[in-house]
Structure formats: structure tokens, C-alpha cells
Protein chains: 2
Amino acid sequence: MRRQRYNACLPELRKDPITGRWVIIANDRVKRPSDFFRETVIVQGGGFCPYCPGNEAKTPPEVLAYRQSGGPNEDGWSVRVIPNKFPALRVEGTLERHGEGMYDKMEGIGAHEVIVETPDHMTTLGELSEKQVESVLWAFRDRVLDLKRDVRLRYVLLFKNHGAPAGATSEHSQCQLIALPVVPRQVQEEIDGALRYYDFKERCVYCDMIRQDVAGGARVVLETEHFLAICPYAPRFPFETWILPRKHASHFESIDVPLAENLAWILRALLRKIDRTLEKPPYNFVLHTTPLQESAMPHYHWHIEVIPTLTKYAGFEWGTGFYLNPTPPEEAARFLRDSGL
Amino acid sequence: MRRQRYNACLPELRKDPITGRWVIIANDRVKRPSDFFRETVIVQGGGFCPYCPGNEAKTPPEVLAYRQSGGPNEDGWSVRVIPNKFPALRVEGTLERHGEGMYDKMEGIGAHEVIVETPDHMTTLGELSEKQVESVLWAFRDRVLDLKRDVRLRYVLLFKNHGAPAGATSEHSQCQLIALPVVPRQVQEEIDGALRYYDFKERCVYCDMIRQDVAGGARVVLETEHFLAICPYAPRFPFETWILPRKHASHFESIDVPLAENLAWILRALLRKIDRTLEKPPYNFVLHTTPLQESAMPHYHWHIEVIPTLTKYAGFEWGTGFYLNPTPPEEAARFLRDSGL
């Protein structure tokens, strides 16, 4: 009898249709929002912050700012983009590759920038107005278009670390970008997997996911005219949620005004739902788009992946590349759907 | 002038010769042991522990135990292996695959076991005697040989999460194993990469690494008759260290007594050096060996990867699969080499 009870609902292996990655979904001991050890992110304020208005001279000179008043590197901006003071990669240098016996290396060419989302130290991205979130998205777009002109750069990753447990080192609300001289393997795997699907089906795998998930409904969190937020079928992490444009598009930087307005709404709404459902958890998001120097791809579909920090990335995960997810996406989507904005 | 100072030592991109994965090594703002925020792991004791002697009835029945006295599931053991009470995967079921529209899934067949390394709650793996560490290694070997008989299982990952920040949920010193019905992608990538190298060079890439690193010396941490501990050329994480058998071997489970004795010594010595250098940090290790049902591979070389938990796995890392490592392996190896045992 005991055994039967234990096996009532077996764990399940699910395969991500894009990358082919398997994940273990624990159907038997499902974790709900209150089951996670959560570290609520609360902005403390106080202390010196180089990203606050008035301290513009304490950062490297800005590369972009939207401002109502003032000149470059002065107060009066609403969004400000600056090079990271301690960049992971630098613009100076050449792309020459060297050998060290059997090993290969190259200079760390690239860019590493901070997108300060608001002059207000005490707020978070989900708490900003829709207009302000939209401005952040335009800053993303403008920086990608600018970096694209440097043909040494192959990829720009836009990402956000929110809260110290998610890797944030400053509490002033910000996103980051890193421009790389190689296409990162995570993105290349998505593109390769999507191409295999396209070769077989002659359809975009993301477009097919959208069609199936909208029809089924169980994994849908939010729908707008131009976007969809879903918990994917084989998520690596509990409450992992993706935002995808409904209409096929391979390059994020091609967004127009109606799309940007709509994306600002859905991103803000999703972050607010995550805040409510999981008590303002730390989180990361990344924007996956087509490599800079590539033209339109019928098989690859840009999107944003949002991941609250609820579990540890431990020995099993990095030893295997397998993920153990204690919350089925249908459950996660239901909790997120049912919470208010 | 300022710019020149900033560029004195540029970041470097290094390529892992096995998987082709690039990592960013921050040569310019190198982090030394004291620069990391470290969370020292201290065994507290107190409270009920199902892994302590006398509580054998509180765990599922053991699948293996080395004991001086007592019968199965009684006190008197030195190493005890038990199924995880809340396993990620179970032995019962079939491997049948199902579709859900465009998606694929299968039952979560496999095994998830806990290897309790010692009856003593208050100690850690690095603090055990060499003989006791060797017993743990024999338990690894015996479990792999047993699980190998189930032909549905394709891989066994042996791993350790030490300390809560590294994912440990109990403080009683233990390793875990997860047996999987598919070869995990991380291992498959290593095998595929090693095969590409072998096809080109007709040599094992790990054997070549050993030759070059022993000759150079800068990345060597420890050497014994049969094993080598090195910080690899393109490490993902600061102070990441690998232990490799000097003589080519694809299957861990083929170790004999001289090798097991020698491995116990070097694993224990490395963990003690990590404890001294980084003030008893949380860490993970994984044992990568050839898939269960494969015969000897001339191109793949089993090894252990040890990773102290010093940095966060944040937006950039999981958005790209790229790693940003603030400690060059030559620096890490020097610190570890210079510390006592």
C-alpha cells in the first residue's frame, strides 16, 4: 500500500523541443510558491550609489541617455547607459587567436554596459510606469543597433540580475548587456535545434509552441495583442516564464512602437505577478535574439526568459546539464495566472 | 594615462579543448581567496538526523553497507547507501515515450541514492581518514557495477553537494548518485568533443592535457603516482580543480586497489587544501565517467571535477553558457599548491 501511494504520480522526463534538453519534472512532490525558501528583495537605500542622479561623474562617460534636461553626464536623464566600470570584456584590442600548446585563446574583445532603468534608487523594474519600462526597451534596441556596427561583435546578450541572490551587485535597478566576439553556445544550441525542426517541418518551432500552448491554455500566463507569456513545456527552473512575440520575428531590434508598448506592458505585468506570487523574489531575465551579423531567420524567434531564483544550481545540474524542476509548468502558470497584477 | 592603466592586463577568452566552450578569464581584476564572499561550512549538529547510527529505520532500506557489526539496517556500518526518500527518479515503470502534441516525455525511470560517508555526523569528507575515503570510493564503484546490470539505465552521476549554498539539504556528510535512462548532455558534449579531438589527433585530449600541464607545471595542484589534480586551462569557476588518472581509463568502475588508495589520498588532500585556502567553503564535485552500457573508449577519460561555491550563476551565465571567471587557473593552482594539507 505504501508503495502504491508513493508511486501515485511518477516523476516525468520532458524534452525541450528546441534544444532537445531533458528535464525532470517532479510530479510527486510538487513545490508550490510557499514551499520555497524565498529571499524577498527589498531595496534598502542609503549609502553612496554611482547610478543615482548627481553622481554621473562617478561612472565612466555615458554611451546613451534619454533626458528631459541637462547635458551629457549631467542630471536630468530618465534612462542612462554606461560602460561597466569593471568590464568583463573591452572594446580595445584585436580578435587574433593564439595557441598555448594544445590550448586556444583570444583577447577579450567586446563590451559590457549597464542600463540604469530609472533615476529613482528606491524602485524596481516591475514598479516603474509602463512608459518608463518602454524607455528601457528602447535603450536595449538603440544599444543593439549601435553595437551591431562593430563587425567584430557577433552577439549582444541583454540580461538582468535582480537581487543579490540572483547575482546583482548593486541595488539600483538596472539591466546589463555583454557584447561578445563569438556566438554563445546556449544561443547557438537554440538556433541549431530550431533549424533541425525547421528542416523537418518547415515551420518555426517557437511559432508551433505558441499555437499549441494557446490552444491548450494550461501553460499560458498572459496574452496581449502582440505577445504571449508562457511557462514552457520543459522548464529548467520552477516558475520559469518566457515572453514571445506572437508574430514570427528573429531580431529583437526590429520592434516598432506598437510592439514596444505591448512588450512593456506584458514584461511589467509578468514581473508584478512574479512579485505577488513569490513575494518579490530575486530573479534573472535574458533576451535571446539572433546573432548581430545574421539576416532574418525563418527558424529562430526572439524571446525573453524570466527565471525567479528559487532553487540552487548544484552538483547534479552542472554535472549533467539536466535540470530537476519541482514545479510542473502547468502549476506555475496557474499560480501566476491567478495572481493579480 | 588612465586608459593605459585600465588596459594593463586585458581579459582573455579561453577555449576548453574538450567541449569547445569559451570562458572569460578576468586577468585585470583577479580575485584572490580573500576577495570572495565566503560562507564557511560549519557542522552544527543537534536535532534529529536520519543518517546517524541508530536511526536506520527512519530511512528506506539500505541497498549497500560496509559494516563491522550488526545486520542489515542496523547500527555498526562505516558506509551506508540508501535510496533517497524523495527520489528525483524511480526504478519502477517503463521507458515508453509519449507525445503531447509537438512535445515529448517519458516516465522518470532511474535511481536516486544517498551514500552516507561516515556514521559521524560532526565530520566532513576532507576530515575523514584515508581508509574511510577509500571505502566511500568502493561504495561508488559497487553501486555503479550494480546499477549497470539494469540495461534501461544509461548513466550514473556520482556527485556531492557540500554545505547549504552548494545545495546540500542535510549536514551529515554524504554523496549522491542519480542513475538516468538517457546520457546527460553535459557528458555527451564531453564525449563528442573528445571524439572530435581523437579523430583528428588519434590521441586522448585528456591525456594530452595531462602531458602539457605536467610539463608546464603552472596549473598543477597535486601529483601522485596514479593521479593528477589540476586547475584546467579554461575553468568555468574560480578554483575549479579536476582530478584525473594519469593512465588512460574510460570507466571509473575499473579502478583497482592501488588506484583507489591513491585516489582516496589525492581527493582528501585536495579537499583539505580547498578548506585551508578558502576557509571551508561550500563545494560540489561530480564524477564523469563513460556511459554505463558502453565498452572502453580510447577517447574519453574519467575524472572528478571539484568546484567551490564562490560565485553566483546569474543571468549572463545561463543566458549564454559562457562563464566569467575572475581567477585565472594558474593563480588558483598556486594558492592551492602553496597551502598545506
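The values are calculated or read from the model by the stated rules, or taken from the named source; none is laboratory data. Computed from a predicted model, the values in this text were never measured in an experiment. For neighbour counting, all protein chains shown are included, and Cβ atoms are generated from backbone atoms with ideal geometry for every residue, glycine included.
Name the one entry in A:Q174, A:Q132 that is out of contact with any Pro (no Cβ under 9 Å at 6 or more places or on another chain), more than 11 Å from chain B (Cβ to nearest Cβ) and in contact (Cβ under 8 Å) with a residue 60 or more places away in the chain. Spell out how you get there, then give the answer.
Numbers: A:Q132 fails: in contact (Cβ under 8 Å) with a residue 60 or more places away in the chain.
Answer to the selection: A:Q174.
Residues in region B:1-35 that are at pLDDT 90 or above, farther than 22 Å from A:A179 by Cβ, surrounded by 15 or more Cβ atoms within 10 Å (Cβ to Cβ) and more than 8 Å from chain A (Cβ to nearest Cβ): B:I18, B:T19, B:K31, B:P33. Within region A:197-210, the set of residues being surrounded by 15 or more Cβ atoms within 10 Å (Cβ to Cβ) and assigned to a helix (DSSP H, G or I) comprises A:Y197, A:Y198, A:V205, A:Y206, A:C207, A:D208, A:M209, A:I210. The residue list B:V183, B:V187 contains one member that is of a type outside the set (K, R) and part of a loop (DSSP other than H, G, I, E, B), which is B:V183. Could you list, in sequence order, the residues of region A:120-129 that are touching a residue at least 24 places away in the same chain (Cβ under 8 Å) and polar (S, T, N, Q)? Hits for region A:120-129 are A:T123, A:T124.
Just one of A:L259, A:L270 is of a type in the set (A, V, I, L, M, F, W, C), surrounded by fewer than 21 Cβ atoms within 10 Å (Cβ to Cβ), outside any loop (DSSP other than H, G, I, E, B) and more than 14 Å from chain B (Cβ to nearest Cβ); which is it? Break it down into steps so the answer makes sense when it comes.
Working: A:L270 fails: surrounded by fewer than 21 Cβ atoms within 10 Å (Cβ to Cβ).
Checking each option against the conditions leaves just A:L259.
Assess whether A:P238 counts as being in contact with a Leu (Cβ under 9 Å, 6 or more places away or on another chain), assigned to a loop (DSSP other than H, G, I, E, B), surrounded by 18 or more Cβ atoms within 10 Å (Cβ to Cβ) and not aliphatic (A, V, I, L, M). Yes; evaluated as a whole, the condition is true for this residue. Restricting region B:63-98 to residues that are buried (at least 19 other Cβ atoms within 10 Å of the Cβ) and among the charged types (D, E, K, R) leaves a set whose member that is farthest from the other protein chains (Cβ to nearest Cβ) is B:R80.
Of everything listed in (1) part of a helix (DSSP H, G or I); (2) within 14 Å of chain B (Cβ to nearest Cβ), the single unmet condition for A:F285 is (1). For region B:215-226, the count of residues that are surrounded by fewer than 16 Cβ atoms within 10 Å (Cβ to Cβ), within 11 Å of chain A (Cβ to nearest Cβ), part of a helix (DSSP H, G or I) and without any contact (Cβ under 8 Å) to a residue 12 or more places away in the chain is nonzero.
Right, A:A168: within 11 Å of chain B (Cβ to nearest Cβ), within 17 Å of A:V286 (Cβ to Cβ) and either touching a residue at least 40 places away in the same chain (Cβ under 8 Å) or aliphatic (A, V, I, L, M) (or both) or not? So A:A168 passes the test. Yes or no: region A:227-236 includes at least one residue that is at pLDDT below 95, among the hydroxyl-bearing types (S, T, Y) and closer than 30 Å to B:R154 by Cα. No: zero hits.
If you go through region A:289-313 and keep only what is surrounded by fewer than 24 Cβ atoms within 10 Å (Cβ to Cβ) and facing chain B (nearest Cβ under 9 Å), you end up with A:E305, A:T311, A:K312, A:Y313.
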